[in-house]
Amino acid sequence: MLDKIPFGEESKTLGEESLTSTPLSDIEVVKNGYRFFQMIKRLIIFLTFTFPERYKSRKFFLEMTCKDAFRVMEVELNFMYDALYTKMAVVHSKIGYVFRFICCVLIVVSFAFFASHHKHQLHLLDIVATYTLLIGAVGLDMVSLLKLIFSNCTIASLNNSNNAEIVFVIKERLSFGERCLQSNSVSQHSLINYCINDQFKWFEKVVNFFGLEDFVDEIQFKRTSPVNDDLKEFIFMELKNKALPAEDPEFSKEICSAKGNWVLSQYDCLHPSIVNSVKKEVEYDHSLLMWHVATEICYHKACNDVRGGRYSAN
(Lines give C-alpha, C1' and ligand atoms only; values in the text may rest on other atoms or scores of the structure.)
Protein backbone atom coordinates (compact mmCIF):
# COMPACT_ATOMS: atom_id res chain seq x y z
CA MET A 1 0.00 0.00 0.00
CA LEU A 2 2.88 2.36 0.68
CA ASP A 3 3.86 2.47 -2.99
CA LYS A 4 0.43 3.97 -3.74
CA ILE A 5 0.96 7.09 -1.62
CA PRO A 6 -0.34 10.07 -3.64
CA PHE A 7 2.27 12.55 -4.73
CA GLY A 8 -0.04 15.59 -4.82
CA GLU A 9 1.40 18.59 -6.58
CA GLU A 10 4.53 16.85 -7.92
CA SER A 11 3.15 16.90 -11.43
CA LYS A 12 3.74 20.63 -11.75
CA THR A 13 6.01 21.93 -14.45
CA LEU A 14 9.55 21.24 -13.30
CA GLY A 15 10.87 24.60 -14.36
CA GLU A 16 8.24 26.51 -12.36
CA GLU A 17 8.66 24.24 -9.34
CA SER A 18 12.42 24.67 -9.36
CA LEU A 19 12.11 28.44 -9.38
CA THR A 20 9.52 28.69 -6.59
CA SER A 21 11.28 26.39 -4.10
CA THR A 22 12.40 28.09 -0.90
CA PRO A 23 16.23 28.08 -0.60
CA LEU A 24 17.63 25.98 2.25
CA SER A 25 19.70 27.50 5.02
CA ASP A 26 23.16 26.13 5.82
CA ILE A 27 21.80 24.30 8.88
CA GLU A 28 18.99 22.72 6.85
CA VAL A 29 21.50 21.57 4.24
CA VAL A 30 23.61 19.80 6.88
CA LYS A 31 20.62 18.23 8.62
CA ASN A 32 19.05 17.02 5.36
CA GLY A 33 22.41 15.75 4.13
CA TYR A 34 22.83 13.71 7.31
CA ARG A 35 19.24 12.45 7.15
CA PHE A 36 19.62 11.21 3.59
CA PHE A 37 23.05 9.76 4.36
CA GLN A 38 21.36 7.53 6.93
CA MET A 39 19.04 6.36 4.14
CA ILE A 40 21.66 5.71 1.47
CA LYS A 41 23.99 3.76 3.76
CA ARG A 42 22.04 0.64 2.90
CA LEU A 43 22.85 1.11 -0.80
CA ILE A 44 26.55 0.56 -0.04
CA ILE A 45 25.83 -3.05 0.89
CA PHE A 46 23.39 -3.51 -2.02
CA LEU A 47 20.19 -3.10 -0.07
CA THR A 48 17.29 -0.97 -1.32
CA PHE A 49 15.15 1.84 0.03
CA THR A 50 12.02 1.08 1.98
CA PHE A 51 8.82 2.54 0.47
CA PRO A 52 8.58 5.42 3.00
CA GLU A 53 12.27 6.30 2.48
CA ARG A 54 11.87 6.23 -1.28
CA TYR A 55 8.79 8.44 -1.05
CA LYS A 56 10.49 11.01 1.21
CA SER A 57 13.67 11.13 -0.86
CA ARG A 58 11.81 11.50 -4.15
CA LYS A 59 9.45 14.15 -2.81
CA PHE A 60 12.30 16.15 -1.27
CA PHE A 61 14.42 16.34 -4.42
CA LEU A 62 11.47 17.01 -6.70
CA GLU A 63 10.78 20.12 -4.62
CA MET A 64 14.40 21.28 -4.45
CA THR A 65 16.26 23.77 -6.60
CA CYS A 66 19.31 22.58 -8.48
CA LYS A 67 21.69 24.52 -6.23
CA ASP A 68 20.23 23.18 -2.97
CA ALA A 69 20.10 19.62 -4.29
CA PHE A 70 23.83 19.67 -5.12
CA ARG A 71 24.61 21.23 -1.72
CA VAL A 72 22.71 18.46 0.09
CA MET A 73 24.38 15.76 -2.00
CA GLU A 74 27.80 17.26 -1.27
CA VAL A 75 27.13 16.97 2.47
CA GLU A 76 25.94 13.39 1.95
CA LEU A 77 29.21 12.56 0.20
CA ASN A 78 31.16 14.17 3.04
CA PHE A 79 29.41 11.93 5.56
CA MET A 80 29.91 8.89 3.31
CA TYR A 81 33.63 9.61 2.95
CA ASP A 82 34.00 9.99 6.72
CA ALA A 83 32.14 6.72 7.32
CA LEU A 84 34.20 4.74 4.80
CA TYR A 85 37.68 6.23 5.12
CA THR A 86 37.90 7.83 8.58
CA LYS A 87 37.03 6.95 12.19
CA MET A 88 33.90 9.12 12.29
CA ALA A 89 31.56 6.26 13.21
CA VAL A 90 33.71 5.37 16.24
CA VAL A 91 34.64 8.89 17.30
CA HIS A 92 31.03 10.08 17.37
CA SER A 93 29.86 7.19 19.55
CA LYS A 94 29.66 6.93 23.35
CA ILE A 95 32.71 4.70 23.56
CA GLY A 96 34.53 7.11 21.24
CA TYR A 97 33.80 10.03 23.56
CA VAL A 98 35.05 7.99 26.55
CA PHE A 99 38.34 7.08 24.84
CA ARG A 100 38.79 10.66 23.64
CA PHE A 101 38.44 11.91 27.22
CA ILE A 102 40.88 9.29 28.52
CA CYS A 103 43.45 10.22 25.83
CA CYS A 104 43.19 13.92 26.66
CA VAL A 105 43.66 13.25 30.37
CA LEU A 106 46.63 10.92 29.83
CA ILE A 107 48.42 13.41 27.56
CA VAL A 108 47.92 16.30 30.00
CA VAL A 109 49.03 14.15 32.96
CA SER A 110 52.13 13.00 31.05
CA PHE A 111 53.02 16.61 30.26
CA ALA A 112 52.48 17.64 33.91
CA PHE A 113 54.60 14.76 35.24
CA PHE A 114 57.48 15.48 32.88
CA ALA A 115 57.35 19.24 33.57
CA SER A 116 57.59 18.64 37.33
CA HIS A 117 60.26 15.94 37.01
CA HIS A 118 63.87 16.70 37.99
CA LYS A 119 65.82 16.70 34.72
CA HIS A 120 69.36 17.21 35.97
CA GLN A 121 70.49 13.82 34.70
CA LEU A 122 68.90 14.26 31.26
CA HIS A 123 70.62 15.69 28.21
CA LEU A 124 69.34 19.02 26.90
CA LEU A 125 68.56 17.46 23.52
CA ASP A 126 66.39 14.78 25.16
CA ILE A 127 64.51 17.40 27.17
CA VAL A 128 63.85 19.55 24.10
CA ALA A 129 62.73 16.54 22.05
CA THR A 130 60.37 15.34 24.80
CA TYR A 131 58.84 18.77 25.30
CA THR A 132 58.38 19.11 21.54
CA LEU A 133 56.60 15.77 21.30
CA LEU A 134 54.37 16.45 24.31
CA ILE A 135 53.44 19.95 23.17
CA GLY A 136 52.71 18.60 19.69
CA ALA A 137 50.55 15.83 21.17
CA VAL A 138 48.60 18.33 23.30
CA GLY A 139 48.14 20.66 20.33
CA LEU A 140 46.95 17.90 17.99
CA ASP A 141 44.59 16.56 20.65
CA MET A 142 43.08 20.02 21.19
CA VAL A 143 42.57 20.48 17.46
CA SER A 144 40.95 17.03 17.20
CA LEU A 145 38.70 17.86 20.14
CA LEU A 146 37.61 21.14 18.54
CA LYS A 147 36.93 19.41 15.23
CA LEU A 148 34.95 16.76 17.10
CA ILE A 149 32.77 19.34 18.85
CA PHE A 150 32.33 21.74 15.92
CA SER A 151 31.51 19.23 13.19
CA ASN A 152 28.65 18.45 10.86
CA CYS A 153 27.71 15.45 12.99
CA THR A 154 27.26 17.74 15.99
CA ILE A 155 25.10 20.12 13.96
CA ALA A 156 22.96 17.25 12.70
CA SER A 157 22.43 15.89 16.22
CA LEU A 158 21.36 19.22 17.76
CA ASN A 159 17.61 19.77 17.93
CA ASN A 160 17.89 23.39 19.00
CA SER A 161 18.33 25.51 15.88
CA ASN A 162 20.06 28.33 17.79
CA ASN A 163 22.70 25.97 19.18
CA ALA A 164 23.20 24.45 15.74
CA GLU A 165 23.66 27.93 14.27
CA ILE A 166 26.28 28.78 16.91
CA VAL A 167 28.21 25.55 16.24
CA PHE A 168 28.07 26.15 12.49
CA VAL A 169 29.35 29.74 12.78
CA ILE A 170 32.23 28.68 15.06
CA LYS A 171 33.08 25.80 12.73
CA GLU A 172 33.27 28.16 9.77
CA ARG A 173 35.36 30.69 11.72
CA LEU A 174 37.79 27.94 12.74
CA SER A 175 38.07 26.84 9.11
CA PHE A 176 36.57 23.44 9.87
CA GLY A 177 34.30 23.66 6.83
CA GLU A 178 33.18 20.77 4.70
CA ARG A 179 35.82 18.81 2.87
CA CYS A 180 36.24 19.99 -0.68
CA LEU A 181 35.03 17.17 -2.90
CA GLN A 182 35.63 19.11 -6.11
CA SER A 183 31.88 19.15 -6.76
CA ASN A 184 32.48 21.87 -9.36
CA SER A 185 34.85 19.73 -11.42
CA VAL A 186 34.79 16.33 -13.04
CA SER A 187 37.67 14.01 -13.86
CA GLN A 188 38.05 12.83 -17.45
CA HIS A 189 39.97 9.92 -18.91
CA SER A 190 40.55 9.41 -22.62
CA LEU A 191 40.46 5.71 -23.44
CA ILE A 192 41.59 6.39 -27.01
CA ASN A 193 44.70 8.30 -25.93
CA TYR A 194 45.45 5.64 -23.34
CA CYS A 195 45.34 2.86 -25.96
CA ILE A 196 47.19 4.51 -28.86
CA ASN A 197 49.91 6.48 -27.02
CA ASP A 198 52.78 4.08 -26.53
CA GLN A 199 55.40 4.84 -23.89
CA PHE A 200 59.10 4.15 -24.08
CA LYS A 201 59.83 0.54 -23.14
CA TRP A 202 62.56 1.44 -20.65
CA PHE A 203 60.33 4.01 -18.95
CA GLU A 204 57.49 1.53 -18.72
CA LYS A 205 59.79 -1.06 -17.11
CA VAL A 206 60.99 1.47 -14.52
CA VAL A 207 57.43 2.49 -13.68
CA ASN A 208 56.31 -1.12 -13.38
CA PHE A 209 59.33 -1.96 -11.21
CA PHE A 210 58.40 0.69 -8.64
CA GLY A 211 54.65 -0.05 -8.89
CA LEU A 212 53.76 3.44 -10.11
CA GLU A 213 51.62 2.46 -13.13
CA ASP A 214 48.37 3.93 -11.81
CA PHE A 215 50.08 7.09 -10.55
CA VAL A 216 51.81 7.79 -13.89
CA ASP A 217 48.66 6.97 -15.89
CA GLU A 218 46.66 9.38 -13.75
CA ILE A 219 49.16 12.18 -14.38
CA GLN A 220 49.40 11.49 -18.09
CA PHE A 221 45.82 10.70 -19.07
CA LYS A 222 43.59 12.20 -16.37
CA ARG A 223 42.16 15.67 -16.93
CA THR A 224 39.89 17.79 -14.77
CA SER A 225 37.19 19.96 -16.32
CA PRO A 226 34.97 22.49 -14.54
CA VAL A 227 31.25 21.80 -14.21
CA ASN A 228 29.34 25.02 -14.80
CA ASP A 229 25.89 25.86 -13.49
CA ASP A 230 24.23 25.18 -16.86
CA LEU A 231 25.52 21.61 -16.89
CA LYS A 232 24.39 21.09 -13.29
CA GLU A 233 20.94 22.41 -14.17
CA PHE A 234 20.77 20.14 -17.21
CA ILE A 235 21.72 17.03 -15.19
CA PHE A 236 19.31 17.92 -12.40
CA MET A 237 16.38 18.54 -14.74
CA GLU A 238 17.03 15.28 -16.59
CA LEU A 239 16.97 13.38 -13.30
CA LYS A 240 13.78 15.18 -12.31
CA ASN A 241 12.14 14.32 -15.62
CA LYS A 242 13.00 10.66 -15.07
CA ALA A 243 11.86 10.69 -11.43
CA LEU A 244 8.54 12.45 -12.04
CA PRO A 245 6.71 9.51 -13.70
CA ALA A 246 8.39 6.92 -11.41
CA GLU A 247 5.55 6.73 -8.89
CA ASP A 248 5.70 2.97 -8.36
CA PRO A 249 8.75 0.81 -7.57
CA GLU A 250 8.47 -1.34 -10.68
CA PHE A 251 8.66 1.62 -13.04
CA SER A 252 11.53 3.04 -10.97
CA LYS A 253 13.49 -0.20 -11.40
CA GLU A 254 12.79 -0.12 -15.13
CA ILE A 255 14.18 3.42 -15.43
CA CYS A 256 17.22 2.68 -13.27
CA SER A 257 18.05 -0.46 -15.25
CA ALA A 258 17.80 1.35 -18.61
CA LYS A 259 21.25 1.55 -20.21
CA GLY A 260 20.35 4.30 -22.68
CA ASN A 261 17.29 2.90 -24.44
CA TRP A 262 15.02 5.09 -22.29
CA VAL A 263 16.77 8.24 -23.57
CA LEU A 264 16.71 7.01 -27.17
CA SER A 265 12.97 6.36 -26.91
CA GLN A 266 12.43 10.00 -25.89
CA TYR A 267 14.11 11.20 -29.11
CA ASP A 268 12.54 8.57 -31.42
CA CYS A 269 15.95 7.24 -32.42
CA LEU A 270 15.37 4.22 -34.67
CA HIS A 271 18.86 3.65 -36.12
CA PRO A 272 19.48 -0.12 -35.74
CA SER A 273 23.16 0.06 -34.72
CA ILE A 274 22.44 2.66 -32.02
CA VAL A 275 19.39 0.86 -30.65
CA ASN A 276 21.23 -2.49 -30.58
CA SER A 277 24.10 -0.99 -28.56
CA VAL A 278 21.87 -0.44 -25.53
CA LYS A 279 19.76 -3.57 -25.58
CA LYS A 280 19.47 -5.65 -22.43
CA GLU A 281 21.34 -8.48 -24.15
CA VAL A 282 24.45 -6.30 -24.46
CA GLU A 283 26.73 -6.34 -21.44
CA TYR A 284 26.81 -3.03 -19.60
CA ASP A 285 30.63 -2.75 -19.64
CA HIS A 286 30.71 -3.31 -23.40
CA SER A 287 27.97 -0.75 -24.01
CA LEU A 288 29.63 1.82 -21.74
CA LEU A 289 33.03 1.53 -23.46
CA MET A 290 31.44 1.71 -26.89
CA TRP A 291 29.52 4.89 -26.05
CA HIS A 292 32.61 6.39 -24.40
CA VAL A 293 34.65 5.96 -27.59
CA ALA A 294 31.81 7.11 -29.84
CA THR A 295 31.19 10.22 -27.73
CA GLU A 296 34.85 11.25 -27.83
CA ILE A 297 35.07 10.74 -31.59
CA CYS A 298 31.91 12.78 -32.20
CA TYR A 299 33.10 15.51 -29.80
CA HIS A 300 36.46 15.97 -31.52
CA LYS A 301 34.83 15.80 -34.97
CA ALA A 302 32.38 18.54 -33.97
CA CYS A 303 35.24 20.67 -32.60
CA ASN A 304 37.19 20.25 -35.84
CA ASP A 305 34.09 21.17 -37.87
CA VAL A 306 33.63 24.32 -35.80
CA ARG A 307 37.27 25.34 -36.31
CA GLY A 308 37.01 24.67 -40.04
CA GLY A 309 33.76 26.57 -40.40
CA ARG A 310 31.88 23.45 -41.49
CA TYR A 311 29.61 23.19 -38.45
CA SER A 312 25.88 23.30 -39.07
CA ALA A 313 23.06 23.44 -36.57
CA ASN A 314 21.33 20.69 -38.52
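The values are calculated or read from the model by the stated rules, or taken from the named source; none is laboratory data. Please read these numbers as outputs of a predicted model, since none were measured by experiment. Glycine also receives a Cβ, built like all others from the backbone with ideal geometry; neighbour counts cover every protein chain displayed.
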- Task: Search the stretch 38-73 for residues being more than 19 Å from Asp248 (Cβ to Cβ) and among the β-branched types (Val, Ile, Thr), and hand back the single one that is nearest to the chain's Cα centre (by Cα).
- Result: Val72
- Message: I'd like the full set of residues that are in contact (Cβ under 8 Å) with a residue 40 or more places away in the chain and surrounded by 13 or more Cβ atoms within 10 Å (Cβ to Cβ), limited to the stretch 249-298.
- Response: Pro249, Ser252, His292, Val293, Glu296
- Taking the options Glu238, Glu250, name whichever one is more than 30 Å from His300 (Cα to Cα), among the acidic types (Asp, Glu) and part of a helix (DSSP H, G or I). Glu250
- Message: Considering only the stretch 38-46, I want to know if a residue exists there that is surrounded by fewer than 19 Cβ atoms within 10 Å (Cβ to Cβ) and under 24 Å from Asn160 (Cα atoms).
- Response: yes
- Query: Mind checking whether some residue in the stretch 275-292 is over 30 Å from Asn197 (Cα atoms), hydrophobic (A, V, I, L, M, F, W, C) and in a loop (DSSP other than H, G, I, E, B)?
  - Reply: no
- Leu146 fails exactly one of (1) at pLDDT below 85; (2) touching a Leu at 6+ places or on another chain (Cβ under 9 Å), namely (1)
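Each row is one residue, and each column tells you yes or no for (1) assigned to a helix (DSSP H, G or I); (2) on the phi > 0 side of the Ramachandran plot; (3) at pLDDT below 85.
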| position | (1), (2), (3) |
| --- | --- |
| Pro23 | no, no, yes |
| Arg42 | yes, no, yes |
| Thr48 | no, no, yes |
| Phe61 | yes, no, no |
- Message: Tell me which helices (runs of 4 or more DSSP H) are completely within the stretch 116-223 and hold 1 or more residues being of a type in the set (A, V, I, L, M) and under 24 Å from Phe37 (Cα atoms), or say none if there are none.
- Response: 124-149, 152-157, 161-173
- Query: So, of the residues in the stretch 180-216 that are closer than 18 Å to His292 by Cα and in contact with a helix residue (DSSP H, G or I) (Cβ under 7 Å, 6 or more places away or on another chain), which turns out to be surrounded by the most Cβ atoms within 10 Å (Cβ to Cβ)?
  - Reply: Ser190
- Query: Any residue at all in the stretch 89-109 that is in a helix (DSSP H, G or I), surrounded by 12 or more Cβ atoms within 10 Å (Cβ to Cβ), more than 13 Å from the chain's Cα centre (by Cα) and in contact (Cβ under 8 Å) with a residue 60 or more places away in the chain?
  - Reply: no
